[in-house]
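A quick write-up on the structure given underneath.
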Amino acid sequence: MLNRFHHRHERSAANIIQDITDDNGTDDRSTINNQDCSVDNHLNHGINESSSTFESNEEAFQKLPWRIRAIVQFNINHFGPALGFSAVTRVCNALGFDFGLFTIPDWIWIVLWFVTSVLLALSFILYILRIIIFPQGVLLDFRDNTRVNFFAAPLIVMVNLLVKIPTFFRPNQTAITVFFYVLFIYQLLLSLYIYGEWLFGRRNILGQVHPLYNMAIIGYLVLVILGAQSDQRDAAVFCQSVGLLFWLLIFFALFQRLASSKHGAHTRQHPGPMMFLLVAPLGAAALSSYAMSMLATTSAASAFYMGLSEFFIMIDSFVYLLLLRLLPTFWTNTFTMTMWAYVFPLSTASTAMIGYSIQQQMVFWDVIAVIQTLVAVLACTLVACFTVYFTVKGKIPQCVESRQEYMNHIQHMHQPVSVVSIDSEVEAQNNSSEYDIEQQK
């Protein structure tokens, strides 16, 4: 049934492209099939028509059914809402314990837990449909230096859900341990690919370091918490060690690049919301260190991890204050799904501060925790409302790269054989010319 659905809409897209070509009064394929058309003429024709290719593809894509448009553009970044709500759920759950100023009812975090579960399930369904309809889209996500790191988002959401499950259907400890190792293997394979590209890839990926690189690190740090709850000490130590090692690498690489960068989306002149991802690994490291202190077998080891947790809390607080100056950019930047980059880091920092205030039992830290919680909840509320609004308006999901690749795929699938052969000749001729030029040099 899914295959029939896929092929039916492929034919529909091809017919739309043909209609647009006919409406414009030009038909590249009929021109190419003309026996008098040479390779050079085809090349010149392609150059003259290249400026209208993007507009034609966009027009054809907008005529597709909205379901197809949404699924094709549903890249891995669209797991952002589930990620944000999972972090806010952790905040509300932390406030339900022995917090100094007040506690909130359990039903609040339980409702948010179910909301997060529904969002995660919907995200998985849409992404699986995207794989079926547009398998090239997954390759686009993997080949993108920044988006590939967001493949850690589903893992982070699942860990946040498993760390605290409503008691009325909480699985036994064995099931949670199995879940932990499944997620551990997923994170290990993902990080071997991503970190391998950083260090040994052909492109200078680490030289183009981006705040979103922190997502691949946070996956290890949140796994520490689940590993500690599952009493898997060795695996938890492994996750924390690898996570902190590569956090240091990315932290210093980011500061070095941002300090020397004069242009781009993440400079002082043009700050982006993903800059807030600098806060998230610090908060996750503080929470993971506290979890390890509970797993320690000696008082010295427990004291060490508690001190490490406090160390990360203090750095997290400073970076949090450093980034507060970027909050006004929420209103100046065009709304995209990257706005969820405000929610997850702010909520993670708030959860870490709540845990620290509970340990210290001081009014000062309680007030700081409440302020951070209000900021995180407000950010989540605003971003969620804007997400619903722009989704209803049809402006979300949005991915220009996916749209173009999908339409190019549809055109190629329905392209006559003569066009493919001539395109191959043109490409071979271009490659030969470039080789001759290089040889002359």
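The values are calculated or read from the model by the stated rules, or taken from the named source; none is laboratory data. None of these values were measured; they are calculated from a predicted model. Counting neighbours? That spans all protein chains shown, and the Cβs are built from the backbone with ideal geometry, glycine included. Please note that ligands, DNA and RNA were not included when accessible areas were found on the heavy atoms of the full protein model with its side chains. Shrake-Rupley method; radii C 1.70, N 1.55, O 1.52, S 1.80 Å.
Touching a His at 6+ places or on another chain (Cβ under 9 Å) and not basic (Lys, Arg): does that describe residue 275?
Values: touching a His at 6+ places or on another chain (Cβ under 9 Å): yes; not basic (Lys, Arg): yes.
Against the criterion (touching a His at 6+ places or on another chain (Cβ under 9 Å) and not basic (Lys, Arg)), residue 275 qualifies.
Restricting attention to region 290-327, which residues are open to solvent by 20 Å² or more (accessible area, probe 1.4 Å), within 31 Å of the chain's Cα centre (by Cα) and of a type in the set (S, T, N, Q)?
317 - this is the single residue of region 290-327 that is open to solvent by 20 Å² or more (accessible area, probe 1.4 Å), within 31 Å of the chain's Cα centre (by Cα) and of a type in the set (S, T, N, Q).
Report whether or not residue 94 is crowded, with 21+ Cβ neighbours inside 10 Å, under 20 Å from residue 376 (Cα atoms) and not basic (Lys, Arg). Don't jump to the end; show me each part of the working.
On the way: crowded, with 21+ Cβ neighbours inside 10 Å: yes; under 20 Å from residue 376 (Cα atoms): yes; not basic (Lys, Arg): yes.
So residue 94 fits the description; yes.
Mind checking which pairs have a first residue in region 346-370 that is part of a helix (DSSP H, G or I) and a second that is among the aromatic types (Phe, Trp, Tyr) and modelled with pLDDT under 90, Cβ under 7 Å, 6 or more apart or different chains?
Filtered contacts from region 346-370: 346/276; 354/99; 358/97; 358/99.
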